[in-house]
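**Q** Once you've had a glance at the structure underneath, I'll fire off some questions.
The values are calculated or read from the model by the stated rules, or taken from the named source; none is laboratory data. What you see is a predicted model; the values in this text were computed from it and never measured. Here the Cβ positions follow ideal geometry from the backbone for every residue, glycine too, while neighbour counts run over all protein chains shown.
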Amino acid sequence: MGDLALDTRVEELYEGRYRARISPDWKIWGPNGGYVASIALRAVGATVGRARPATIVAQFLGVADYDAVEASVEILRTARFATAARVGLRQGDRPILEALVWGVDPGDMMLEHDVAPPPEVPGPDDVPSRADRIEALPAGEPGPPHVPFFDNFDQHPLQWRDSWPPEGPEEPLTRQWLRYRPTARFDDPWLDACRLLIPVDTFGWPAASQAHAWIDPPEAVAVTVDLKVSFHRPTAEEWLLVEAVSPIATGGLATADAQVWDGAGRLVASGCQTMLCRPAFYAGG
């Protein structure tokens, strides 16, 4: 099991330059893209001095090794209540990620409306956990393979199938309740935003794959090449409800949109991603 605070921590080398270490505890095919982007987000947070992040737009340029990574942050614009920055992650001479980030402070002019209710689903206490589902599988069902990434959550999926594959295409949508382990939330707004960023990146492929899961063995996977996340508000709630839907896959690309609500039913983050299709045996970005 990883630790989000420790595994995204950045060490300042000098002004605008930081070092971190990619942890294998966030492995899916390679390091989870949202986790890697979280290191970039924290580097910006350490530089701009704003209260919290507003947005990140990231381009994934390579698959990181489980090793040291360096972040370079350049401030592009500073306004009264907001700062824009560019951040790049590299391992040696190899680029891993480039991103643009806005950080903001509370302003004196605010608009307030919220017409983004959560889906009507049972709460996490009324949904079996992923671990309970796997333990209850019928004899002879192998269950999903172990992926270190999912050890970092209490995960309560709202869709589950004991037998696999399905008989035909399923709706390209997934819903999950998530709570981080070993620490469920964080007081630092830049660090706490990372727990919203990661699921927006993560569940686009599980949503898209539902439409193709009946093909066994699978012909293709899709890896994120760009990701955009808006952080709407901080939350003190531990449980997060994630919904991801993939409206289209064509021309070698798949897209997904995701929303994250907190346990109180407030929309806290939303985003979208573009994924590049690769042969199913491919295990990188």
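**Q** What residue, among those in region 48-63 that are of a type outside the set (A, V, I, L, M) and closer than 17 Å to A222 by Cβ, is surrounded by the most Cβ atoms within 10 Å (Cβ to Cβ)?
**A** So the residue we want is F60.
**Q** Turning to a different aspect of this structure: Among the residues of region 189-244 satisfying the criterion of being in a strand (DSSP E or B), at pLDDT below 95 and among the small types (G, A, S), which is farthest from T55 (Cα to Cα)?
**A** A220
**Q** Keeping to region 170-209, report how many residues are of a type in the set (D, E) and buried (at least 24 other Cβ atoms within 10 Å of the Cβ).
**A** The total comes to 1.
**Q** Limited to region 89-114, what total is found for residues that are without any contact (Cβ under 8 Å) to a residue 24 or more places away in the chain and part of a strand (DSSP E or B)?
**A** So the answer is 1.
**Q** Which one is farthest from S163 (Cα to Cα) among residues in region 245-262 that are assigned to a loop (DSSP other than H, G, I, E, B) and touching a residue at least 24 places away in the same chain (Cβ under 8 Å)?
**A** That would be G252.
**Q** Further question: State whether the residues of region 73-80 include one that is in a loop (DSSP other than H, G, I, E, B) and aliphatic (A, V, I, L, M).
**A** For region 73-80, residues in a loop (DSSP other than H, G, I, E, B) and aliphatic (A, V, I, L, M): present.
**Q** Cβ-Cβ below 8 Å, separation at least six or inter-chain, first residue in region 129-153 and of a type in the set (F, W, Y), second surrounded by 12 or more Cβ atoms within 10 Å (Cβ to Cβ) and not in a helix (DSSP H, G or I): which pairs?
**A** Here the result reads F149/K27; F149/I28; F149/N32; F153/L178; F153/R179; F153/Y180; F153/R181, each pair linking region 129-153 to a residue that is surrounded by 12 or more Cβ atoms within 10 Å (Cβ to Cβ) and not in a helix (DSSP H, G or I).
**Q** Turning to a different aspect of this structure: Could you grab me the full set of residues in region 133-162 that are out of contact with any helix residue (DSSP H, G or I) (no Cβ under 8 Å at 6 or more places or on another chain) and of a type in the set (S, T, N, Q)?
**A** Result: Q159, single match.
**Q** Which one is surrounded by the most Cβ atoms within 10 Å (Cβ to Cβ), of the residues in region 112-132 that are over 14 Å from L240 (Cβ atoms) and not charged (D, E, K, R)?
**A** Filtering first and then ranking leaves S129.
**Q** Related question: If I filter region 262-274 for residues that are buried (at least 16 other Cβ atoms within 10 Å of the Cβ), of a type in the set (D, E) and more than 15 Å from A193 (Cβ to Cβ), do I get at least one hit?
**A** No, every residue in region 262-274 fails to be buried (at least 16 other Cβ atoms within 10 Å of the Cβ), of a type in the set (D, E) and more than 15 Å from A193 (Cβ to Cβ).
**Q** Moving on. Hey, can you tell me all the residues within region 58-78 that are touching a residue at least 60 places away in the same chain (Cβ under 8 Å) and within 18 Å of C194 (Cα to Cα)?
**A** Matches in region 58-78: A58, Q59, F60, A71.
**Q** Here's a follow-up. For region 162-216, which positions are farther than 30 Å from D3 by Cβ and touching a Pro at 6+ places or on another chain (Cβ under 7 Å)?
**A** Across region 162-216, the qualifying residues are D162, Q210, A211, H212, A213, W214, D216.
**Q** Separate question: Taking the condition of being assigned to a helix (DSSP H, G or I) and either basic (K, R) or surrounded by fewer than 24 Cβ atoms within 10 Å (Cβ to Cβ) (or both), how many residues in region 20-46 meet it?
**A** Of the residues in region 20-46, 4 are assigned to a helix (DSSP H, G or I) and either basic (K, R) or surrounded by fewer than 24 Cβ atoms within 10 Å (Cβ to Cβ) (or both).
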